Amino acid sequence: MMAMLVRSGVRAANAAGSGLQRAGVSPVSLAEESLLSAARQATKLEDFGDDDFREPFRLLLRALETEANLTLLGRVVARRDVVGLLITRLRLQADRIRHPAIASEHIAQPVFIVGLPRSGSTLLHHLLGQDPLTRVPQAWEAMYPSPPPARATYDTDPRIARATRQLRWLDWLAPDFKTIHPVGARLPLECIALMSASFRSTRFQAMYNIPTYEAWLEQGDMRPGYAFHRSVLQQLQWRAPGARWVLKAPSHLFAIDALLHTYPDARIVQTHRDPVTVIGSLASMSATLQGAFTDRLQPDAIGREILRWTRGLERSMQLRHGGPLPTDRFVDVHYHELTRDPLAVVRRIYTQFAMPFSRTAETAMERFLADNPKDKHGPHRYTLERFGFDTEGLAHRFKGYSEYFEVPAESATRTRRSIPSSSRSASARH
């Protein structure tokens, strides 16, 4: 009932906001100085740290104004989101000045899960995160990283409840999203969230139609974004360390060179799945998110944006073919292997990276799999045609990737127009 009332109120507010915008009145400002001032006022702080965030920040604001076709709710969410990220910058900088030891934290041999979205990377991230020795960034601490979390209060920190309340809005505004991707304050969060306050993050284009920002991000220097990523990990592990970080984001495919520049001892797990299945599922997820903030959803534009993953895969193949890392620093995980026997894949990763695999970790992973059955929140269904895709055309477009990594086609994607995401676990859907 509450969700229905919220959505009804949102529709009414959006209708009123559309009328104001047609009259040339913008009731929610996305102007640069307004956002900066709001963050300063909320924190009573002035130092945003390095200025390398300014260019992507301004590009993002311009794209939100001119391309995203935001509803009134979309503008409210975008303003709150951006101000929150600016607040994070201010507080992280203040913490580093107050506690200089944070900057001395060493991030040793982090494990990064990369690969196409919807290829089982979330299931794998969640599984590896069950090991008590593994450190993953939980959603609550990634959303509110200041002050630095402490091991003694890690499970009772009041920010957990705050994050839970915040994430509840997503369930109200985009109720289908939980059938696509698991969300929770205590669940691991992707690196795109850790990088968001650098304003070099694919999180924004997942939520809004902002092609100029997306084009800049793909060609821009991502090293400042990864430097910021490292500073967040230092913040999170200073008082709550673990034996190793396990991190995840499909978008690392576009910037593995910048990742390795920042983490030269990184170990990489690359997940693989039939791109025909992946691309349609990813387009559906983008439509679900963007549809919460615009009343002018453009499925064809989403389809064109999603095809950029071709370039990400090409970059990964270039790196893997005579790249800077020895082959023993990579593990390839195929979706059908992961969904058939998740723990066998986990054991292979631990063996490859010479990490001890305890019975305690194994038991925790078994419990996680039992508690998270397939389609826990219902099946995710979508059609390729909605986004302007042709099945055989997609297969041809990604032929080089599929052949290079020996990725088998999934029969369902070749024979059915309405495609359910399938997985060993609800979490495998990303």
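Only one entry of T271, T277 meets the criterion of being part of a strand (DSSP E or B), of a type in the set (S, T, N, Q) and in contact with a helix residue (DSSP H, G or I) (Cβ under 7 Å, 6 or more places away or on another chain), and that entry is T271. Taking the criterion of being crowded, with 17+ Cβ neighbours inside 10 Å and not charged (D, E, K, R), the residues of segment 241-250 that qualify are W245, V246, L247, A249, P250. The set of residues in segment 349-360 that are within 25 Å of the chain's Cα centre (by Cα) and of a type outside the set (S, T, Y) comprises I349, F353. Checking each residue in segment 258-268 for being part of a helix (DSSP H, G or I), free of Cβ contacts under 8 Å to residues at least 40 places away in the same chain and more than 28 Å from R304 (Cβ to Cβ) picks out H261, T262. Scanning segment 376-384 for residues that are over 16 Å from V269 (Cα atoms) and assigned to a helix (DSSP H, G or I) turns up nothing. For segment 291-298, the criterion of being on the phi < 0 side of the Ramachandran plot, crowded, with 23+ Cβ neighbours inside 10 Å, modelled with pLDDT under 90 and touching a Ser or Thr at 6+ places or on another chain (Cβ under 8 Å) is satisfied by no residue at all. Report every pair of residues separated by at least 6 positions or lying on different chains whose Cβ atoms are under 6 Å apart, first residue within segment 152-172 and surrounded by 12 or more Cβ atoms within 10 Å (Cβ to Cβ), second in a helix (DSSP H, G or I) and not charged (D, E, K, R). If the second residue must be in a helix (DSSP H, G or I) and not charged (D, E, K, R), the pairs left are R159/W140; I160/W140; A163/A139; A163/W140; A163/M143; W172/A3; W172/V6. For segment 9-20, the condition holds for no residue, the condition being that it is exposed (fewer than 13 other Cβ atoms within 10 Å of the Cβ), touching a Leu at 6+ places or on another chain (Cβ under 6 Å) and modelled with pLDDT under 95. Here the condition is being crowded, with 17+ Cβ neighbours inside 10 Å, closer than 30 Å to E65 by Cβ and modelled with pLDDT of 95 or more; of L194, L233, it holds for L194 alone.
Listed by position, the helices (runs of 4 or more DSSP H) enclosed by segment 49-165 that each have at least 2 residues that are under 30 Å from P342 (Cβ atoms) are 121-128, 139-143.
Condition check ((1) free of Cβ contacts under 8 Å to residues at least 60 places away in the same chain; (2) within 17 Å of K44 (Cβ to Cβ); (3) surrounded by fewer than 20 Cβ atoms within 10 Å (Cβ to Cβ)) across all residues:
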residue	(1), (2), (3)
L60	no, no, no
A68	no, no, no
T71	no, no, no
R75	yes, no, no
L92	no, yes, no
P100	yes, no, yes
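Has segment 28-36 got at least one residue that is assigned to a helix (DSSP H, G or I), at pLDDT 95 or above and under 24 Å from L233 (Cα atoms)? Taking every residue of segment 28-36 in turn, none turns out to be assigned to a helix (DSSP H, G or I), at pLDDT 95 or above and under 24 Å from L233 (Cα atoms).
Residue by residue through segment 321-339, note down the ones that are in a helix (DSSP H, G or I) and in contact (Cβ under 8 Å) with a residue 40 or more places away in the chain. Those that are in a helix (DSSP H, G or I) and in contact (Cβ under 8 Å) with a residue 40 or more places away in the chain: R329, Y335, H336, L338, T339.
Only one of the numbered conditions (1) surrounded by 19 or more Cβ atoms within 10 Å (Cβ to Cβ); (2) modelled with pLDDT under 95; (3) among the small types (G, A, S) is violated by G322, and that is (1).
The values are calculated or read from the model by the stated rules, or taken from the named source; none is laboratory data. All figures in this text were calculated on a predicted structure; none of them were measured in a lab. A quick note on method: Cβ atoms are made from the backbone with ideal geometry, for glycine too, and the neighbour counts reach across all protein chains shown.
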